[in-house]
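Take a look at the structure below.
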Amino acid sequence: MGVLLQPLLPARYSWVAHTVNPASGSAAEVSVQLVVGLGEVLVGNYPGRALSGVVKRDSLTAALQEALSGGTDDSSRAGIGAVLAGMQAPVPDDAQLSASVEVVSYPSKDAAVVPAGMQLPCELSSNGGSAAAASAGGEVVFMARSDSNAEDLPGFAGAGLFDSLPSAPNRSVLVDYAKEPLVWDKSAAAALLWQCALASLAAEQAVAVADGGLEEGVGQDVEGCVTPDGSIWLLQARPQV
């Protein structure tokens with residue numbers, strides 16, 4: 001058994017997407033859940049709700065095709081890679097977002113977990129105030145984890161068989177949602193759900209391209225994060241079970 005050392009991204013937000021909506025079973029909908037800070041709050045069943053939404057697949061497909069520029073198979077493969085590497089198609093205007101994105105719930109989890117050295121703009125400080133801006137800090141934190149994982153075994157989609165440990169302890173902070181735009185800016189919430197759903201659909205199509213035995217549309221369970229500069233990161237994807 002080996003040990004993997006992976007840099008821990010300074011997550012402003014963390015998200016999980018299912019490219020087939022697990023609530024309805026519809027492949028016409030992409031479901032996204034998102035929380036402030038690291039994904040531990042989302043997958044660890046912390047009290048409260050995530051920002052949750054459903055995005056229409058057809059609108060995402062059209063945007064992804066636009067990003068890929070409709071080239072040949074080879075150029076399309078390169079284009080999918082570019083989307084996965086951070087190329088962003090234009091976010092639709094408010095009217096299109098309203099027609100394509102349904103916000104199911106707004107975030108209410110009172111706690112967030114962040115890497116050592118990072119500060120969130122919406123975290124409550126010890127004196128009751130809020131931080132001024134998101135900061136990733138200067139310290140690079142690494143996550144140590146076993147290379148043996150239940151997610152690597154056929155038919156499994158649970159948490160790892162062994163604990164993952166950061167090189168410096170994460171911080172647990174209280175969230176001041178008066179300072180969090182995803183609560184009071186409906187357009188910002190819909191736009192972020194859209195971008196995460198688009199990235200997850202790009203991941204699904206990349207899997208389909210890489211494996212000739214898979215057809216486009218096989219549901220993927222995708223995890224990612226958003227860093228303070230607004231970049232959308234994909235962390236892992238696996239088939240929905």
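The values are calculated or read from the model by the stated rules, or taken from the named source; none is laboratory data. This one's a predicted model, so the numbers in the text were calculated from it and none came from an experiment. All Cβ positions, glycine included, derive from the backbone under ideal geometry; neighbour counts span all protein chains shown. Accessible surface areas use protein heavy atoms only, side chains included; no ligands, DNA or RNA. Shrake-Rupley method; radii C 1.70, N 1.55, O 1.52, S 1.80 Å.
Per-structure values
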| item | result |
| --- | --- |
| Accessible area of residue 61 in the full protein assembly, 1.4 Å probe (Å², nearest 10) | 30 |
| Reach of residue 56 by Cα under 24 Å, taken over lysines that are not fewer than 8 positions away in the same chain | 186 |
| Backbone HN-Hα couplings from phi across the stretch 12-22 [Karplus 6.51/-1.76/1.60, Hz, Gly and Pro as x] | 6, 9, 10, 9, 10, 10, 10, 7, 10, 4, x |
| Label point distance in nm, residue 105-residue 28, each placed 7 Å from Cα along Cα→Cβ | 2.5 |
| Summed residue charge, Cβ within 10 Å of residue 37's Cβ, Lys/Arg positive, Asp/Glu negative | +1 |
| Chain lengthening between residue 66 and residue 184 when straightened (0.36 nm per residue, less Cα-Cα) | 39.4 nm |
| Net lengthening on full extension, residue 163/residue 96 (0.36 nm per residue, minus Cα-Cα) | 19.9 nm |
